[in-house]
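The structure under discussion appears below in the form of structure tokens.
Please treat every number below as a calculation from the coordinates, not as lab data. These numbers were taken from a predicted model, which means no experiment stands behind them. Because the Cβ atoms are built from the backbone with ideal geometry, glycine has one as well, and the counts that use them run over all protein chains shown.
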Amino acid sequence: MYIVYGNAESGNCYKVKLLMNHLDIDAQWEHVNILGAGTHSDEFLAMNPNGKVPVLALPNEDCLWESNAIMNYLAEDTAYLPNDRLLRAKVLQWQFFEQYSHEPYIAAARFIVRQLGRPKQHEATLQAKKVGGYKALQVMETHLEHHDWLVGNGITIADICLYAYTHIAPEGGFGLTDFPFIMAWLERVKAHPGHVKMR
Ligand SMILES: N[C@@H](CCC(=O)N[C@@H](CS)C(=O)NCC(=O)O)C(=O)O
């Protein structure tokens, strides 16, 4: 049985939870306090020297960290990670986009608003995050105007990856009403069998 070290407030952990639900994979979840010292204990750092959740502990006692690496591992040989070389590379393309151009803005803005309580001294950072976040949303909107899914003709881990922080983008102050194709895609992901809410 897998053990996932995670936190229910984390979109990165939700990616793993959502995929596991889609794939009907059982796991034991261990809560990690990410605002305290939970990710900095010697025990935790032995599993992930980078001190972040999620961590997937494998039955052979090896550990895997980085949400997208965990998803690729779990999705191997399933329809959620295509075998076709180009489609597989496109899944990676969206996962790298998520980590470099989406999550650092959208998740970070949400952290400032929700976890830090939007303190005045972070206002300039928050506004800068808004610019980057809306740019990422526009990239998705443009693609989804002509495609039902991010890659190929069905749901893949690219959709699960980007669903995680996009569906809670309003918690960081991002309005989604100007992105009708993203909103329709969020509904498609939500309606797919195997869906589970973040909290
Ligand atoms: N790139 C990593 C990011 C992981 C990450 O930022 N995790 C946050 C929660 S969303 C965390 O553990 N923060 C606590 C800390 O940095 O100590 C991934 O995709 O797994």
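What to note about this one:
- With 30 Å as the limit on Cα-Cα distance, the pairs of Lys17/Lys120; Lys52/Lys190; Lys17/Lys90; Lys52/Lys120 that go past it are Lys17/Lys120.
- Scattering from the chain was approximated by placing one identical point on each alpha carbon and applying the Debye formula without solvent; log10 I(q)/I(0) at 0.11, 0.13, 0.14 1/Å stands at -0.50, -0.71, -0.82.
- A Cβ-based charge dipole, computed about the Cα centre of region 85-191 with Lys and Arg at +1 and Asp and Glu at -1, lands at about 300 debye.
- Cα→Cβ-extended label distance, 7 Å offset, between Lys135 and Gln28, nm: 4.5 nm
- The region of the chain that goes longest without hitting one of the GluC sites (Glu not before Pro) in a DSSP loop, each with at most 13 other Cβ atoms within 10 Å, is 77-144.
- Per-residue 3J(HN,Hα) values for region 149-155, derived from phi via the Karplus relation 6.51 cos²θ - 1.76 cosθ + 1.60 with θ = phi - 60°, read 10, 5, 9, x, 9, x, 5 Hz in sequence order (x marks Gly and Pro).
- If the segment from Thr177 to Asn21 were pulled out straight at 0.36 nm per residue, it would be longer than the present Cα-Cα gap by 53.3 nm.
- Contour minus Cα-Cα distance for Ala79 and Lys120 (0.36 nm per residue): 10.2 nm
- Net charge dipole, the chain: roughly 740 debye, given to the nearest 20, about the Cα centre with Cβ charges of +1 for Lys and Arg and -1 for Asp and Glu.
- Close amide H pairs (under 5 Å, H built 1.01 Å from N) link Trp29 with Val4, residues at least 5 positions away or on another chain.
- Helix-only [θ]222 nm of the chain, DSSP H runs n ≥ 4, -39500 (n - 2.57) each, per residue, nearest 500: -14500 deg cm²/dmol
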